[in-house]
Amino acid sequence: MKQFFKQNHKTDNSIRQMLRKRKSPMLITGIVMTSIVLLFVLIGLIVTPYDSEAMDATSKLAGVSWKHLMGCDNFGRDILSRVMKGSATTLFIAMGTVLIGIAFGIVIGAIAGYFGGLADEVLMRMNDAALAFPSILLALVLISLFGTGRYNIILALGIAFVPSFARIVRSEFIKQREMDYIRQAELIGVHPFRIMFVHMLPNSARVLVSSLLIGFNNAVLAEAGLSFLGIGVQPPDASLGRMLSEAQAYLFSRPGYALCVGGTLIFIVLGFSFLGEGISEDAKG
Amino acid sequence: MKFVLKKAASLIATLAVVSVLVFLSFEFIPGDPATSLLGTQATPEKVEALREEMGLNRPVAVRYLEWSVGLLKGDMGTSYSYHIPVKEMVGDKVPITAALTLLSFCFTILIALPLGIYSAKHAGGKFDAAIGFVNQIMMAVPPFFAGILLTFLFGLVLHMFTPGGFISYDVNVGAFFAYLIFPAIAIALPKSAMTAKLLRSSILEQAGMDYARTAYSRGNSTSSVLWNHLLKNAMIPVITFLGMALADMIAGSIIIEQVFGIPGLGRILLTSIANRDYPVVSAIIMILAIAVNLINTVVDVVYHMIDPRIKQNG
């Protein structure tokens with residue numbers, strides 16, 4: 001019996017196998033772009049070319065130059081430094097959002113999918129009611145209750161993201177519940193929670209990773225949208241969405257400002273979406 | 001017919017749950033509306049008098065009933081900040097947001113269907129690859145940034161419209177729709193990229209099925225199989241997606257309204273959130289919830305009519 005588990009584990013261990021296989025060009029592009037983003041953000045956490053808050057009256061709205069690679073904003077702050085800090089804020093919020101979403105999503109989805117019956121019915125009804133709202137609208141409602149600021153945004157977006165994750169985990173668990181290895185485990189009397197989180201969860205990793213990346217992208221876009229509306233991250237915290245709304249006012253005189261900030265946002269989202277698509281493509285063939 | 005009734009019942013149930021949640025969440029929010037209206041200088045007697053006047057001293061259940069019955073009758077309460085009926089503030093904004101959403105939806109279909117069908121028909125070709133590449137980028141562009149780019153390109157460089165020069169529908173309907181074209185495109189671009197991609201893969205999936213091969217083997221041309229056999233089946237997942245996309249566009253229009261300076265529901269929602277004007281916030285949220293759920297129900301019914309085989313639970 002033990003051997004059976006071991007073998008099963010080996011053939012199904014998706015992530016290790018995935019890393020050994022030849023990778024699709026999309027996956028490689030995704031890995032490269034995401035690494036660049038992470039490197040950019042990590043460097044920004046340690047050192048930025050200028051202080052992201054320092055205002056310099058002489059270089060207000062300065063253009064692109066060797067001194068300021070992306071120019072300066074309306075307060076004379078170095079845009080590159082602010083983009084580095086802002087990307088870090090955005091990624092931090094997206095990560096927090098996805099963590100809350102996936103943690104609660106896994107628990108709710110696992111219970112609903114594994115046990116079925118009444119638990120499934122009750123949890124999924126509640127889930128459907130929440131899914132009836134577009135997530136950005138749900139987040140908007142929650143923010144109007146909690147208030148603005150980076151931790152409230154994480155909480156609001158995180159809660160808004162739980163239903164979609166719960167749905168994915170549930171359907172994956174329903175599929176696995178019928179598989180032979182789970183039947184075997186049930187027969188020898190493994191505790192349901194051990195089956196759910198030690199046996200089924202690792203085998204759902206592949207599906208979860210790609211939906212995690214999609215969720216991450218949605219979180220990045222949602223945070224940027226909320227900050228753009230002025231109800232996300234509050235100044236002096238830099239955020240890509242907030243910078244875009246500032247840049248919009250100087251669109252005619254300094255289009256480069258909006259382009260640099262928006263370009264960074266697109267680069268981040270594109271990298272993670274290539275990564276996600278590459279992983280699910282790799283999983284298929 | 002039975003299906004329609006069942007769906008209508010579940011729509012009403014969902015909206016009832018949503019209305020209770022919306023009412024309760026603004027009920028338990030920290031801070032007393034009467035105090036925040038009068039400011040910190042107010043005497044306790046004044047606050048008490050205002051609470052009585054606003055009806056805040058009565059039980060929660062009674063106030064919920066009053067609020068929801070009022071909502072059904074079209075009476076949405078009185079704004080805290082402007083002291084006028086919410087209906088007056090919100091009523092003439094609904095057509096603006098509705099027009100923007102519908103226009104975006106039309107653009108999405110107009111852009112996505114030809115692109116999706118074309119790239120499925122020429123799958124593996126140069127144009128298919130090019131469309132796929134552009135689609136991938138389009139999906140990563142947030143609508144508000146697309147809006148900024150469109151403002152810059154068509155508004156400031158090409159002078160095809162005046163950014164911020166919104167004209168209301170009761171002044172000039174033609175100019176109203178003309179101003180909404182670019183905002184609608186900004187909302188439609190990422191959605192149409194997703195729709196085109198879904199349609200392409202859906203058509204290709206159908207093309208791999210036995211019935212498609214049979215149709216070919218009977219001497220039908222590629223186009224004939226595509227238009228007469230594949231498309232009908234391939235549209236089923238696309239319709240579901242479009243329904244969700246339409247609901248998403250309502251939410252997306254809140255952000256786009258801000259980019260283009262359109263005084264729709266989104267703008268009042270944001271100022272009301274900032275002013276803590278809860279009667280207005282809850283009224284707008286209920287309007288949006290009703291719209292979104294109504295769309296979802298209609299999509300389900302249409303879906304059922306297209307393909308009665310599909311058994312849906314709920």
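A short reminder: the numbers here are calculations on the coordinates, not readings from a lab. Predicted, not measured: the structure shown is a model, and the values here were computed from it. Positions of Cβ are backbone-derived with ideal geometry, glycine not excepted, and every protein chain shown enters the neighbour counts.
For chain B, the longest principal axis of the alpha carbon atoms and the long axis of helix B:231-260 meet at an angle near 40°. Projecting the Cα atoms of A:V141, A:F216, A:V169 onto the charge dipole of segment A:94-285, computed from C-beta unit charges around the Cα centre, puts A:V141 farthest toward the positive end. In sequence order, segment A:106-117 has phi-based couplings of 5, 4, 5, x, 5, 5, 5, x, 7, 7, x, x Hz under the Karplus curve 6.51 cos²θ - 1.76 cosθ + 1.60, θ = phi - 60°, and Gly or Pro positions carry x. With the Cα gyration tensor of the protein assembly as shown giving a ≥ b ≥ c as the square roots of its eigenvalues, does the rule (a/c under 1.5 for rounded; else a/b larger than b/c for prolate; else oblate) give rounded, prolate or oblate? Cα axes put the protein assembly as shown in the rounded bin. Helix B:94-121 axis versus longest C-alpha principal axis of chain B: approximately 20°, rounded to the nearest ten.
Quick one: of B:K7/B:K232; B:K6/B:K73; A:K85/B:K197; B:K93/B:K232; B:K197/B:K232; B:K46/B:K73, which pairs are farther than 27 Å apart, Cα to Cα? Over 27 Å apart, Cα to Cα: A:K85/B:K197; B:K93/B:K232; B:K46/B:K73. Here's how it looks for B:M76: its modeled amide H is under 5 Å from those of B:V86, B:K87, which are all 5 or more places away or on a different chain.
To the nearest ten degrees, helix B:278-306 and the longest principal axis of the Cα atoms of chain B are 30 degrees apart.
For the residues of B:149-157, the average number of beta carbons from a partner chain within 10 Å of their own beta carbon is 3. Counting Cβ atoms of other protein chains within 10 Å of each Cβ in A:216-223 and taking the mean gives 2. Taking amide hydrogens as placed 1.01 Å from N in the peptide plane, the amide H of A:G71 sits under 5 Å from those of A:S65, A:I79, A:L80, each at least 5 positions away in sequence or on another chain.
Here the Karplus curve 6.51 cos²θ - 1.76 cosθ + 1.60, taken at θ = phi - 60°, turns the phi angles of segment A:84-98 into couplings of 4, 5, x, 4, 4, 4, 4, 5, 4, 5, 4, 5, x, 4, 5 Hz, with x standing for Gly and Pro.
When only Cα pairs under 8 Å and 6 or more residues apart are kept, what is the percent relative contact order across chain B?
With pairs under 8 Å counted, the relative contact order is 27 percent.
For the pair segment B:79-95 / segment B:252-292, the C-alpha centres are spaced 11 Å from each other.
Shielding by partners for peptide B:257-267, expressed as the average number of C-beta atoms from other protein chains within 10 Å of each residue's C-beta, is 1. Judged by the mean number of other Cβ atoms found within 10 Å, the most tightly packed of the peptides B:67-73, B:99-105, A:125-131, A:222-228 leads the ranking A:222-228, B:99-105, A:125-131, B:67-73. Each of the peptides A:189-197, B:295-303, B:249-257, B:147-155 was scored by the mean count of other Cβ atoms within 10 Å over its residues; in descending order, highest first, they stand as B:249-257, B:147-155, B:295-303, A:189-197.
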